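Undergrad: Below you'll find the structure I mean.
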Amino acid sequence: MLRYIQPSGDEVTLDFLLKSTETKDFLTQLRRADMGPATILNYIKNMIRFVQYLKTHLNLVAADADFYRKCQAYIDLLTEEQKASVAHYMAHSTAVANKYYRMKPLEFVVATANLLNSLSRDSAEDGARAEKRRRVEEEVSSPTPDLDVFLQAFPVGITGQPPNKTQRAKAGFPTDRVFYDKWRALQYSKREQHLLSKFSRCAPTAAKVAKVIEAEGWTANHPRPEDIIAKWRPLSRAQAQSDPAIIRGVTRQKWSGLAVKDFGGQKGVVATKAFGKGSILCDFHGKVITGAEGREMAEMQDELGHLFFFKHGSEEVCIDAETFPCECHPSLETKGRLITHSKKNFNVQPRHCVVKLQEGDRDVLLFQATKDISKDEKIRFNHSIKKRSFRGEEEELEWLDD
């Protein structure tokens, strides 16, 4: 039937919904063909079912009301043609046939009887479909609240359940699953972001993600631990500037997963847990001074010690961790200043970031893992600059993802 209406082209379009003349012509040709009445009726019924499927599968009530009405008009057309076909064959099998076609063969009458039996079997089903269509038409004819109104009535959060069918109907919303499914999708996204926020500083593990999910009490509609591991990415510079975990670490100098250890008279830092590549371990903490001030201090020392020079744009900057203790944490020995140098075996790299603290912006150097770090592994970084080559060769610090 579709090929008759659309004689050319490789892909079937939905333009047939507007071709009532071609549809009627096709059905007229069927009546003239040497086919049994049940076969012709099946052509019409199958087309009706196909268009009904389009309406249901594409969820046209909410998605495209105009297209929905076109589908319904086409179904009504086919229904009228169905009635015409029945009337056509009834005229050849009742009183009209006895009066004008008394010698019609018996098999013609049997075919007509089969057609009528088919109609009677479908009557109850057709009645149910008609009632369902009536309800759908009422929903289309009345204004449908949009998703924003639905979300105002049923706000989405990381806790709670989606509104059930009774709640949706009571609030005046459609009883189909369109808004329901969108609500669940939004909650899933919020829960995903919530889980990722728990691991902004360090790469997650399956066990830790599962522990957070269990603590939240989620039993459905949440990402799996392996999904969060796959989604996790190291903090960008912009994200690190205002990340709560980074701000807490810089402010309080309590970086979890690190410990100070004595290595034969020299202090160093070791990992007390595993860190994934891209994790932020701590900061190189100290007073921010100008490059000129740092140079003056360096000239009075044999080694650069706990001075770290870098460029912030065109400006020369120095982190002075040589002065101990620092002004902001007089009672703490900050871990970042004790991380030792290694040109070949380094496992972290300093990344410049302007952290947005309550008292104002501050230049800091964050140590970011360049590879996976095992528990009890010593933390090292490559300082890059030696005293004998110190002539303004400040390091350009960029993020791994830049």
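The values are calculated or read from the model by the stated rules, or taken from the named source; none is laboratory data. Because the structure is predicted, anything quoted here is derived from the model rather than measured. Neighbour counts run over all protein chains shown; Cβ positions are idealised from the backbone, glycine included. Heavy atoms of the whole protein, side chains included, go into the accessibility calculation; ligands, DNA and RNA do not. Shrake-Rupley method; radii C 1.70, N 1.55, O 1.52, S 1.80 Å.
Undergrad: Nearest 5 percent is fine: what portion of the DSSP beta bridges confined to the range 272-382 is antiparallel?
TA: On the way: 25 of 28 bridges.
In the range 272-382, DSSP labels about 90 percent of beta bridges as antiparallel.
Undergrad: Okay, next question. Would you mind checking which residues have amide H under 5 Å from Cys282's amide H? H placed 1.01 Å from N; only 5 or more apart, or other chain.
TA: Phe367
Undergrad: Still on this structure, I have one more. In debye, nearest 20, what is the charge dipole magnitude of the range 148-212 about its Cα centre with +1 on Lys and Arg Cβ and -1 on Asp and Glu Cβ, if you could check?
TA: Taking the Cα centre of the range 148-212 as origin, the dipole is about 260 debye.
Undergrad: Using a probe of 1.4 angstrom, how much of the accessible area of the range 168-258 is carbon and sulfur, in percent?
TA: Of the solvent-accessible surface of the range 168-258, carbon and sulfur hold 53 percent.
Undergrad: What FRET efficiency comes out for the pair Lys273/Asp25, r = Cβ-Cβ distance, R0 = 60 Å, nearest 0.05? Don't skip to the answer; put the middle values down first.
TA: Values: r = 77 Å, r/R0 = 1.28.
With R0 = 60 Å, the Cβ-Cβ based efficiency is 0.20.
Undergrad: Pop a pseudo-label 7 angstrom from the Cα along the beta-carbon direction at both Lys311 and Gln193 and give the gap in nm to one decimal.
TA: Spacing of the two 7 Å Cα→Cβ label points: 3.7 nm.
Undergrad: Right, here's the next one. Would you work out which of Val260, Tyr188, Gly278 lies farthest towards the positive end of the dipole of the range 141-283, given +1 charges on the beta-carbon of Lys and Arg and -1 on that of Asp and Glu, about the Cα centre?
TA: Val260
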